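Everything below concerns the one structure shown next.
The values are calculated or read from the model by the stated rules, or taken from the named source; none is laboratory data. All figures in this text were calculated on a predicted structure; none of them were measured in a lab. Heads up, the Cβs are rebuilt from the backbone with ideal geometry, glycines too, and the neighbour counts pull from every protein chain shown.
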Amino acid sequence: MRPKECDIILGSDCFFEILRSGKIVGSKNEPIAQRTMFGWVVAGKLNVQNKEPNELYSHFLSTENDLKTDSLLQRFWETEELSVKKQFLSDEELFCEDHFQSILNIMIKCSFLSQSARLFDPLGFLTPCTVSIKIFYQQLWLLKLDWDSPLPDTLATKWKIFQKEFEQVCSTHIPKWIHTASQQVTLHGFVMRSELAYASVIYAVQPQADGNTKVTLLVAKSRVAPLKPVSIPRLELNGALLLARLYATCKNIFKEYDVHLYAWTDSQVVLSWLSSHPRNWKPYIANRTSEILDLVPADSWRYVPTKMNPADIASRGLSPKELPRCGLWWEGPQWLSCGMDSWPKQPKRDDQTSLVTRERKRTAFSFPVYRATTSKQLMGDLPAHRVTPSRPFSACGVDYAGPINVLRYRGRGARTTKGYIALFLIDYTKCIQNEANTKKIQKR
């Protein structure tokens, strides 16, 4: 079969638009029939004897329905025009296109939430970065913007820089294998707070067969500080509660292992709360310390300096470009792989420091006004009739009290009248004589 002239040539830009569902495949080295909007298109090798060295294959078109010739020609011309016809836009469409291009780079509240929700980090390995998104969202919420309102320039610039730097995190290698031949696993949990958020992180420490110790980042979690102002020690207590709940989840995973937890914090106030009975504190602190002690015993809590606390990175946030190189976050402090002798100790109370503090406290309020002595009042001599024995009522003072309501007689319907009380105060003995009187004595 020799090739014939082409009736129509389809470009690659409209080829897939004419295809329809439906395909007939024969045996090997036989043509394939593909259904299109014009009918069935057959393509492939033809089993013809005495083929020439340079073989050419024909592609022909057959329709399912009996269409008129003018209708077929109209379809052919329409298909041909698809690749050469220029699409002219109206004035309204041009205006919409220009408006879309102008607002394409504008960051709005809805698009920010859509982009930030794509980040999936269930184990919290990227907590130093995700806490920045949470803080960013809280700041955005305080502005009370609508869903379609554009972000302020400062916040929009920060978010674009964060997105650009976050691409470097995708190439970070995170080791997740924590299985070991030893049945002993020690979990070290760290908690830290800042003014904007608080976080907790847990590391798994496992002894290896070669004598080394393997430290693996297990899980981490963070939360932003509430909108209502809360003191720093209470934020630290909320972080300790977050760590205790996180440990309860990890403990269920390591059911077959001998697991022990060491909880680390740099807040000595929280350590003092946990070392005492919860009933000694107010309800806010008592409720949280009670739940913490139910999950983590009091003897598991220890002190760690802020510089050695990896949770400090998660509470303050870290730039995405700095996270892959942060060894304190991925491997924890260096003393985790050492013995207990190298662990940080809680600072002892210095007697010299307490004496200096006490001395400063005493001298801080030593103003002259507080050192002034009060003058003693000079008492005058009493009159002679106050100290000379005499008969009653020979020297006395008289006063009236009232008016008071006095019943004229007893019984139902009794009327009342005004009455007064005459007071006689004897000067020498200070005795008082009271007498009733129905008349008021006028002073002259």
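Applying the set (1) buried (at least 16 other Cβ atoms within 10 Å of the Cβ); (2) at pLDDT 80 or above; (3) over 15 Å from residue 313 (Cβ atoms) to residue 180 leaves exactly one unmet item: (2). The residues listed here are 139, 168; of these, the one that is surrounded by fewer than 17 Cβ atoms within 10 Å (Cβ to Cβ), in a helix (DSSP H, G or I), of a type outside the set (Val, Ile, Thr) and in contact (Cβ under 8 Å) with a residue 40 or more places away in the chain is 168. For first residues located in segment 200-211 and more than 17 Å from residue 334 (Cα to Cα), partners that are among the aromatic types (Phe, Trp, Tyr) and lie 6+ apart or on another chain with Cβ distances below 7 Å form the pairs 200/190. Residue pairs whose Cβ atoms lie under 7 Å apart, sitting 6 or more positions apart in sequence or on different chains, and linking a residue in segment 314-343 that is loosely packed, with under 14 Cβ neighbours inside 10 Å to a partner that is at pLDDT 85 or above and among the aromatic types (Phe, Trp, Tyr), are 342/335.
Scanning segment 374-404 for residues that are modelled with pLDDT of 80 or more and in contact with a Gly (Cβ under 7 Å, 6 or more places away or on another chain) turns up 403, 404. One residue stands out in segment 262-299 among those that are within 17 Å of residue 192 (Cα to Cα), of a type in the set (S, T, N, Q) and more than 23 Å from the chain's Cα centre (by Cα): the one that is surrounded by the fewest Cβ atoms within 10 Å (Cβ to Cβ), namely 272. Among the residues making up segment 212-250, none is of a type in the set (Phe, Trp, Tyr) and free of Cβ contacts under 8 Å to residues at least 12 places away in the same chain. Test of understanding: among 204, 220, 240, which residue is small (Gly, Ala, Ser), in a strand (DSSP E or B), in contact with a Lys or Arg (Cβ under 9 Å, 6 or more places away or on another chain) and within 20 Å of residue 301 (Cβ to Cβ)? Being small (Gly, Ala, Ser), in a strand (DSSP E or B), in contact with a Lys or Arg (Cβ under 9 Å, 6 or more places away or on another chain) and within 20 Å of residue 301 (Cβ to Cβ) holds for just one of 204, 220, 240, which is 204. Against the numbered list (1) among the charged types (D, E, K, R); (2) under 24 Å from the mean Cα position of the chain (by Cα); (3) surrounded by 12 or more Cβ atoms within 10 Å (Cβ to Cβ), residue 302 comes up short only at (2). Residues of segment 269-304 that are under 21 Å from residue 336 (Cα atoms) and in contact (Cβ under 8 Å) with a residue 24 or more places away in the chain: 271, 296, 298, 300, 301, 302, 303, 304. In segment 89-117, the residues that are modelled with pLDDT under 70 reach residues that are of a type outside the set (Lys, Arg) with C-beta atoms within less than 8 angstrom, at least six apart or across chains, in these pairs: 89/97.
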